[in-house]
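K.L.:
Below: one structure in structure tokens.
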Amino acid sequence: MNAVHGVLTTRRDGALDVERIRGDFPVLRLRVNGKPLVFLDNAASSQMPQAVMDRWLKYQTTQHANIHRAVHYLSETATAEYEGARRKLQAFINARDEREVVFTSGTTDAINLVAHGYGRKFIGPGDEIVLTHLEHHSNIVPWQMLAQEKGAAIRVVPINDRGEVLLEEYRKLLNPHTKLVGLTHVSNALGTVNPVREMIAAAHEKGVPVLVDGAQAVPHMKVDVQDLDCDFYAFSGHKMFGPTGIGVLYGKMGWLEKMQPFKGGGDMILSVTFEKTTYNTVPYKFEAGTPPIAAAIGLGAAVDYVNGIGMDRIHAHETDLLDHATQEVNRLAGVRIIGMAEKKAAVLSFVVDGVHPHDVGTLLNEEGIAVRTGHHCAQPVMQRFGIPATSRASFAFYNTMAEVDALVAGIRKVQKLFG
Amino acid sequence: MADTRQLYQEVILDHNKKPRNWGVLEDATHKAEGHNPLCGDHIKLTLRLAGDKVDAINVQGESCAICKASASMMTTVVKGRTQQDAEQLVQEFRNMATGKLDHESKPHHLGRLTVFSGVRDLPARVKCAILPWHTLRAAFNAVASTTTEAEEDPMHAPIGGA
């Protein structure tokens with residue numbers, strides 16, 4: 001049986017039984033270049049436990065038909081499972097209502113949905129969109145496209161040398177022209193955890209809705225959209241141990257009802273004539289066409305899996321990993337950690353003096369270690385620190401202290417070679 | 001993947017540390033910039049043609065070791081050669097790096113540039129090695145004709161300008 005229950009994944013001392021958990025992830029048994037795989041590229045995409053694969057297979061083997069369509073057994077089963085997954089996601093982020101969970105293809109799709117559904121309706125010439133300097137390109141480009149179309153402007157919240165947003169500057173940017181704040185919960189490039197609750201409250205004081213990019217937060221910490229009071233919260237399945245091609249847009253019902261549809265097509269309508277279409281209700285008016293049903297159900301299984309371990313325990317283990325990695329990498333002369341925010345998720349971005357991150361990445365791969373190298377789709381962050389790229393190790397609950405040590409040994413080897 | 005270590009051999013590490021012909025020519029007759037948007041590699045190439053020969057060539061920029069060493073070794077090899085010979089090398093180098101030229105069994109003029117043959121096993125790094133060569137071709141072509149090959153170039157490397 002799979003180790004999906006807290007009792008099985010906990011050692012007597014309350015810490016995570018990582019070795020047992022690793023057994024749930026077949027890919028972690030892989031050897032790369034003759035070495036055990038050390039997978040530290042979880043911020044780009046995480047690995048999938050057997051339980052999620054099994055769920056996908058079960059659906060595809062015994063439950064698949066198109067949803068919300070026919071009256072036959074399989075269609076009804078598929079619909080029930082798909083809507084069941086929606087309720088799992090609702091509980092996962094503590095949304096008030098399951099209809100506030102819109103399935104999208106991922107975070108990018110979710111943000112684009114808000115840019116079209118909310119932005120094109122409510123943002124006009126002279127209006128302003130406030131973004132932080134930490135945003136991923138997916139929370140910049142849709143807003144730039146909208147701003148260009150509408151004659152609106154983008155305002156950017158600056159960050160300090162540790163990679164933290166400057167809250168006073170942020171408050172100054174909020175004004176009567178501000179129509180939306182877009183901010184990342186956790187920076188994918190630096191790991192900074194933004195004070196989103198406080199920032200949302202500040203925006204609401206001025207009557208401004210807030211979209212939170214939660215792609216890097218949901219795998220690492222308990223997220224409660226009611227507690228945050230965000231208007232929109234976007235995240236991806238594949239970064240939280242689920243399948244690719246599925247993600248979620250949480251939106252407050254009031255906004256979702258006011259928004260216009262993003263994509264037109266089947267399932268998002270109540271009635272269609274060549275003269276006029278009446279749109280379906282929330283959330284279906286945003287889910288045109290046949291959705292990735294198996295992926296949605298797989299994401300529901302991923303929620304069950306992480307709940308079985310417990311977000312608090314995951315967070316505690318990852319904090320230990322990050323602390324250990326930070327301490328060890330800081331000890332290496334000639335290696336600089338980029339992003340030293342007081343509150344960080346398990347992401348460690350670094351540069352090695354005299355060695356380009358791509359060379360670091362290729363040589364670490366030689367040791368079986370997978371890190372991401374490049375600008376991490378956050379070029380403004382790189383520009384802020386005056387560097388073209390970094391190497392980034394990003395951890396998940398299945399990573400071990402020994403893997404952190406392998407990373408540090410790998411960096412030492414790179415330094416020696418480039419000596 | 002056994003070639004990775006071979007790729008980072010002494011000659012490449014040496015050229016990375018002490019790149020030859022590093023800088024910008026004041027009296028260049030041809031120039032181009034090469035940019036790899038995927039990794040941020042960015043190089044400037046300036047050269048001076050005397051007749052049809054490369055009289056002087058300089059490169060400067062920010063890049064990884066593979067790209068820098070490739071650029072450095074390219075300048076040492078191309079200097080003194082005709083444009084035609086240099087363009088032939090561009091083609092051969094590109095073919096070697098993409099695995100289309102088996103440098104061990106087929107004739108070529110690459111000489112010690114074969115130290116870069118290992119990149120063909122590292123798809124993500126092929127562009128790093130090729131970038132300087134594409135930039136060289138862009139520099140030549142910016143004068144030879146008004147179009148650069150950037151559009152038809154699958155590596156979308158050079159941004160030509162004369």
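The values are calculated or read from the model by the stated rules, or taken from the named source; none is laboratory data. The model shown is predicted, which means the values in this text are computed figures rather than measured ones. A quick note on method: Cβ atoms are made from the backbone with ideal geometry, for glycine too, and the neighbour counts reach across all protein chains shown.
K.L.:
Only one of B:Val77, B:Val59 is crowded, with 16+ Cβ neighbours inside 10 Å and part of a strand (DSSP E or B); which?
P.N.:
Of B:Val77, B:Val59, the one residue that is crowded, with 16+ Cβ neighbours inside 10 Å and part of a strand (DSSP E or B) is B:Val59.
K.L.:
Select from region A:5-43 the residues that are in contact with a Phe, Trp or Tyr (Cβ under 7 Å, 6 or more places away or on another chain), in a strand (DSSP E or B) and at pLDDT 95 or above and list them in ascending order. Reasoning before the result, please.
P.N.:
At the first step, the residues of region A:5-43 found to be in contact with a Phe, Trp or Tyr (Cβ under 7 Å, 6 or more places away or on another chain) are A:16, A:18, A:21-22, A:25, A:28, A:40, A:42.
After this cut, where a residue has to be in a strand (DSSP E or B) as well, the list is A:16.
Passing the criteria: none in range.
K.L.:
Tell me whether region A:130-145 contains one or more residues that are within 18 Å of A:Phe385 (Cβ to Cβ), of a type in the set (A, V, I, L, M) and more than 21 Å from the chain's Cα centre (by Cα).
P.N.:
The answer is no, given that none of the residues of region A:130-145 is within 18 Å of A:Phe385 (Cβ to Cβ), of a type in the set (A, V, I, L, M) and more than 21 Å from the chain's Cα centre (by Cα).
K.L.:
Something else about it: For region A:183-213, give me each residue that is closer than 11 Å to A:Leu134 by Cβ, surrounded by 22 or more Cβ atoms within 10 Å (Cβ to Cβ) and not polar (S, T, N, Q).
P.N.:
Selection gives A:Leu183, A:His185, A:Val186, A:Ala189, A:Leu190, A:Gly191, A:Asp213.
K.L.:
Separate question: For B:His103, work out the one condition from (1) away from every other protein chain (no Cβ under 14 Å); (2) outside any helix (DSSP H, G or I); (3) touching a Lys or Arg at 6+ places or on another chain (Cβ under 8 Å) it doesn't fulfil.
P.N.:
(3)
K.L.:
Turning to a different aspect of this structure: Counting just the residues of region A:348-380 that are in contact with a strand residue (DSSP E or B) (Cβ under 7 Å, 6 or more places away or on another chain), crowded, with 22+ Cβ neighbours inside 10 Å and small (Gly, Ala, Ser), which one comes out farthest from A:Ile140 (Cα to Cα)?
P.N.:
A:Gly361
K.L.:
Just to verify a result, which residue in region A:281-338, among those that are touching a residue at least 60 places away in the same chain (Cβ under 8 Å) and among the hydroxyl-bearing types (Ser, Thr, Tyr), is surrounded by the most Cβ atoms within 10 Å (Cβ to Cβ)?
P.N.:
The extreme case among them is A:Tyr305.
K.L.:
Let me ask something additional. May I ask you to say which residue of B:Gly40, B:Gly80 is of a type outside the set (A, V, I, L, M) and more than 10 Å from chain A (Cβ to nearest Cβ)?
P.N.:
B:Gly80
K.L.:
Just wondering, is there one or more residues in region A:395-413 that are within 14 Å of another protein chain (Cβ to nearest Cβ) and over 24 Å from the mean Cα position of the chain (by Cα)?
P.N.:
Let us first name the residues in region A:395-413 that are within 14 Å of another protein chain (Cβ to nearest Cβ), namely A:410, A:413.
When the remaining residues are screened for being over 24 Å from the mean Cα position of the chain (by Cα), the result is A:410, A:413.
For region A:395-413, residues within 14 Å of another protein chain (Cβ to nearest Cβ) and over 24 Å from the mean Cα position of the chain (by Cα): present.
K.L.:
So, in region A:387-407, of the ones that are among the aliphatic types (A, V, I, L, M) and assigned to a loop (DSSP other than H, G, I, E, B), which residue ends up nearest to A:Ser138 (Cα to Cα)?
P.N.:
A:Ala389
K.L.:
Do you know which of the residues in region A:376-386 that are of a type in the set (A, V, I, L, M) and not in a loop (DSSP other than H, G, I, E, B) is farthest from the other protein chains (Cβ to nearest Cβ)? It would help to see each step written out before you state the result.
P.N.:
Kept after step one, since they are of a type in the set (A, V, I, L, M), are these residues of region A:376-386: A:378, A:381-382.
Then drop every residue that is not not in a loop (DSSP other than H, G, I, E, B), which leaves A:381-382.
On the way: A:Val381: 13, A:Met382: 7 Å.
Within region A:376-386, the match that is farthest from the other protein chains (Cβ to nearest Cβ) is A:Val381.
K.L.:
Is one or more of the residues making up region B:80-87 in contact with a Phe, Trp or Tyr (Cβ under 7 Å, 6 or more places away or on another chain) and either modelled with pLDDT under 90 or closer than 25 Å to A:Gly419 by Cα (or both)?
P.N.:
No, every residue in region B:80-87 fails to be in contact with a Phe, Trp or Tyr (Cβ under 7 Å, 6 or more places away or on another chain) and either modelled with pLDDT under 90 or closer than 25 Å to A:Gly419 by Cα (or both).
K.L.:
Right, next: Restricting the search to region A:60-90, which residues are without any contact (Cβ under 8 Å) to a residue 40 or more places away in the chain and among the aliphatic types (A, V, I, L, M)?
P.N.:
A:Ala65, A:Ala70, A:Val71, A:Leu74, A:Ala80
K.L.:
Return only the number of the condition from (1) buried (at least 21 other Cβ atoms within 10 Å of the Cβ); (2) small (Gly, Ala, Ser); (3) part of a helix (DSSP H, G or I); (4) touching a residue at least 60 places away in the same chain (Cβ under 8 Å) that A:Ala95 does not satisfy.
P.N.:
It is condition (3) that A:Ala95 fails.
K.L.:
While we're on this one: Look at region A:17-60 and say how many of its residues are hydroxyl-bearing (Ser, Thr, Tyr) and under 10 Å from A:Tyr398 (Cβ atoms).
P.N.:
So the answer is 1.
K.L.:
Ok, one more. Within region A:348-375, restricting attention to residues that are of a type in the set (A, V, I, L, M, F, W, C) and assigned to a helix (DSSP H, G or I), which residue is nearest to the other protein chains (Cβ to nearest Cβ)?
P.N.:
Taking region A:348-375 as the starting set, the residues that turn out to be of a type in the set (A, V, I, L, M, F, W, C) are A:348, A:350-352, A:355, A:360, A:363-364, A:369-371.
Retained after the next criterion (residues that are assigned to a helix (DSSP H, G or I)): A:360, A:363-364.
Working: A:Val360: 9, A:Leu363: 7, A:Leu364: 11 Å.
In this case the residue turns out to be A:Leu363.
K.L.:
For region B:6-26, check the following and say yes or no: at least one residue is farther than 30 Å from A:Val352 by Cβ and part of a strand (DSSP E or B).
P.N.:
The answer is no; no qualifying residue exists.
K.L.:
Take the residues in region A:386-410 that are at pLDDT below 95 and surrounded by fewer than 20 Cβ atoms within 10 Å (Cβ to Cβ), then tell me which one is farthest from A:Asn42 (Cα to Cα).
P.N.:
My answer is A:Gly386.
K.L.:
Here is a follow-up. Of these, B:Lys79, B:Lys44, which one is over 16 Å from B:Leu131 (Cα atoms), of a type outside the set (A, V, I, L, M, F, W, C) and touching an Asp or Glu at 6+ places or on another chain (Cβ under 9 Å)?
P.N.:
B:Lys79
K.L.:
So A:His64 passes all but one of these: (1) buried (at least 22 other Cβ atoms within 10 Å of the Cβ); (2) out of contact with any Gly (no Cβ under 6 Å at 6 or more places or on another chain). Which condition number does it fail?
P.N.:
(1)
Matching residues to (1) assigned by TED's automatic domain parsing to the domain that holds A:Ser138; (2) of a type outside the set (S, T, N, Q); (3) closer than 15 Å to A:Asn112 by Cβ:
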{"position": "A:Asp231", "(1), (2), (3)": "yes, yes, no"}
{"position": "A:Phe235", "(1), (2), (3)": "yes, yes, yes"}
{"position": "A:Lys239", "(1), (2), (3)": "yes, yes, no"}
{"position": "A:Gly242", "(1), (2), (3)": "yes, yes, no"}
{"position": "A:Gly247", "(1), (2), (3)": "yes, yes, yes"}
{"position": "A:Met253", "(1), (2), (3)": "yes, yes, no"}
{"position": "A:Pro261", "(1), (2), (3)": "yes, yes, yes"}
{"position": "A:Asp267", "(1), (2), (3)": "yes, yes, no"}
{"position": "A:Thr273", "(1), (2), (3)": "yes, no, no"}
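Yes/no matrix, rows are residues, columns are (1) farther than 30 Å from A:Tyr279 by Cβ; (2) touching a residue at least 24 places away in the same chain (Cβ under 8 Å); (3) not aliphatic (A, V, I, L, M):
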| site | (1), (2), (3) |
| --- | --- |
| A:Gly126 | no, yes, yes |
| A:Leu134 | yes, yes, no |
| A:Gln144 | no, no, yes |
| A:Asn160 | yes, no, yes |
| A:Leu166 | yes, no, no |
